[in-house]
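Accompanying notes for the structure given below.
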Amino acid sequence: MGSSAEVWGDVFEPLARAGYRPIAYDQPGYGLTDNPTDFTNSYRARFITQFMDALAIDRATLVGHSQAGGFALQTALRQPERVAALAIVSSGPLLPPLPESDGGSAPERTRAAERTPAAEREEPSLEDIRRLLESEVFHKRLITPDLVERRHQLSIGKNLLAAAERARAREPREESQPPWEQLAELTVPLVMLYGENDRASAGKRARLLKEQRPQLDLRIVPAAAHMLMWDAPETFLSALLGLLARAHRPAGRAAAP
């Protein structure tokens, strides 16, 4: 609830200084966008390349946080010519479930842990939003009154209606590999970042995925939770800049002779 492109605000300046063009957008039904007529996940996944087309961007590195990591992965798999590289940040649905003996759960319960409960309740209070934000970070001092107020504004009105519609949206279930197995099909550079203290046992599940696929560039960040780019901005930027250097030549920099 209340998430928007504003969560990326602090990374824009360092990326621009490094010569890149960072772009963040409000997904349909979030932030300041109008509410769409289609509230399915597949629509939001298709919207990525539609947005790129609107800005005449042929190819870009995609950075997907949380649920959007799955949308970015599907774009990279289905239209690899549009994706230079892929950064996945705190995306629980891309991690395998833990064995039941290790306190894990079935995939259905794993997906349920990612769902925002605010979508099924009445208008949240400022206190509701403060508790939600504090549950998403390791460093609680990051949650300021101004941040709580802004997130609250983006969690009511048309955005609350959109959250309820997303909770009710249904689309045909496709028979396909689990997303953590689809990672092996990627043909573009990839980095995956997970906070040690993220929800739904993400730290343990990330270690399990790394054990299963040691070739993945998967990094587990200490003292970080779901909003990893807030808890560990230097670590996040270092990983992203390294990925970008592999995939792009920064604008304005001459090619080596």
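The values are calculated or read from the model by the stated rules, or taken from the named source; none is laboratory data. Nothing here was measured: the structure is a model prediction, and the numbers come from that model. Neighbour counts are summed over all protein chains in view; Cβ atoms, including those assigned to glycine, are modelled from backbone coordinates with ideal geometry. The protein model used for the area step is the full one, side chains on, heavy atoms only, and it has no ligands, DNA or RNA in it. Shrake-Rupley method; radii C 1.70, N 1.55, O 1.52, S 1.80 Å.
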Original post:
Going by the structure shown, is residue 56 outside any helix (DSSP H, G or I) and hydrophobic (A, V, I, L, M, F, W, C)?
Top reply: yes
Original post:
Condition test on residue 176, is it at pLDDT below 95, among the polar types (S, T, N, Q) and out of contact with any Lys or Arg (no Cβ under 8 Å at 6 or more places or on another chain)?
Top reply: yes
Original post:
Hey, does the stretch 214-224 have a residue that's surrounded by fewer than 17 Cβ atoms within 10 Å (Cβ to Cβ), in a helix (DSSP H, G or I) and modelled with pLDDT of 95 or more?
Top reply: no
Original post:
Identify, please: which residue in the stretch 133-151 is within 12 Å of residue 199 (Cα to Cα) and of a type in the set (A, V, I, L, M, F, W, C) and is, among those, least open to solvent (accessible area, probe 1.4 Å)?
Top reply: 137
**OP:** Mind listing whichever residues of the stretch 68-97 are part of a helix (DSSP H, G or I), open to solvent by less than 30 Å² (accessible area, probe 1.4 Å) and not aromatic (Phe, Trp, Tyr)?
**Re:** 68, 69, 70, 72, 73, 75, 76, 92, 94
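Okay, residues lined up against (1) farther than 25 Å from residue 239 by Cα; (2) polar (S, T, N, Q); (3) open to solvent by less than 70 Å² (accessible area, probe 1.4 Å):
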residue	(1), (2), (3)
166	yes, no, yes
178	yes, no, yes
190	no, no, yes
201	no, yes, yes
207	no, no, no
210	no, no, yes
Original post:
Are any residues in the stretch 1-17 open to solvent by 50 Å² or more (accessible area, probe 1.4 Å) and out of contact with any helix residue (DSSP H, G or I) (no Cβ under 8 Å at 6 or more places or on another chain), and if so, which ones?
Top reply: 12, 13, 16, 17
**OP:** Check residue 109 against each of (1) in contact with a helix residue (DSSP H, G or I) (Cβ under 6 Å, 6 or more places away or on another chain); (2) modelled with pLDDT under 65 and name the one condition it does not meet.
**Re:** (1)
